[in-house]
Amino acid sequence: MAAVAERGSGAISRRRMWRAEAAMGTVIRSALARAGVDAAGATRLCLADEAAAALAAIPDTPELQRADGNGAAAANTNDRAPSDALARKILAQAQGFAGGPPPDFANASFAELFAWSLAQPAAE
């Protein structure tokens, strides 16, 4: 029973990660378009495409949605420490991109692309 619960927890975590990566990809693509940059040049943007494809390959049933919600409620504060650290790092990078030069889109990490996109002016 514990092994089944652990596998379910892993699936919920993967689904959350895929959703986050797909959403980040949307933000990045929007910022690239506003800046007049061809998204094809941002090679690490493929992570968002892969995440969206993975999500599309699994059904989003009411049962899975409930499991996602239960997993979020059960997450403890220790699970948030890595994501909090990543958020601080991305915000610091975004501040560095504000008014500064853009990254090398072809070699930038997915996190760098996201940080750069956060530093771009909002859509009107």
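Taken over the stretch 7-36, the residue count meeting the criterion of being surrounded by 15 or more Cβ atoms within 10 Å (Cβ to Cβ) and either at pLDDT 95 or above or small (Gly, Ala, Ser) (or both) is 12. Restricting the first member to the stretch 96-124 and to residues that are assigned to a loop (DSSP other than H, G, I, E, B), and the second to residues that are among the hydroxyl-bearing types (Ser, Thr, Tyr), the beta-carbon pairs closer than 7 Å and six or more apart or on different chains are Ala106/Thr43; Ala123/Ser30. Residue-level check: of (1) at pLDDT below 95; (2) open to solvent by less than 60 Å² (accessible area, probe 1.4 Å), Ala73 misses just (2). Looking at the structure I just gave you, is Arg80 surrounded by 11 or more Cβ atoms within 10 Å (Cβ to Cβ), out of contact with any helix residue (DSSP H, G or I) (no Cβ under 6 Å at 6 or more places or on another chain) and modelled with pLDDT under 95? So Arg80 passes the test. For the stretch 37-61, a residue qualifies if it is open to solvent by 50 Å² or more (accessible area, probe 1.4 Å) and of a type outside the set (A, V, I, L, M, F, W, C), and the qualifying residues are Asp38, Thr43, Arg44, Asp49, Glu50, Pro59, Asp60.
Within the stretch 90-103, track down each residue that is under 21 Å from Ala22 (Cα atoms) and either out of contact with any Phe, Trp or Tyr (no Cβ under 9 Å at 6 or more places or on another chain) or open to solvent by less than 30 Å² (accessible area, probe 1.4 Å) (or both).
At the first step, the residues of the stretch 90-103 found to be under 21 Å from Ala22 (Cα atoms) are 90-91, 93-94, 103.
The answer is Ile90, Leu91, Ala94, Pro103.
On the stretch given as the stretch 12-55, residues that are aliphatic (A, V, I, L, M), more than 12 Å from Ser117 (Cβ to Cβ) and outside any helix (DSSP H, G or I) total 0.
The requirement of being part of a helix (DSSP H, G or I) and at pLDDT below 85 is fulfilled somewhere in the stretch 56-63, by at least one residue.
The values are calculated or read from the model by the stated rules, or taken from the named source; none is laboratory data. The structure displayed is predicted, hence computed values, not measured ones. For neighbour counting, all protein chains shown are included, and Cβ atoms are generated from backbone atoms with ideal geometry for every residue, glycine included. Accessible surface areas use protein heavy atoms only, side chains included; no ligands, DNA or RNA. Shrake-Rupley method; radii C 1.70, N 1.55, O 1.52, S 1.80 Å.
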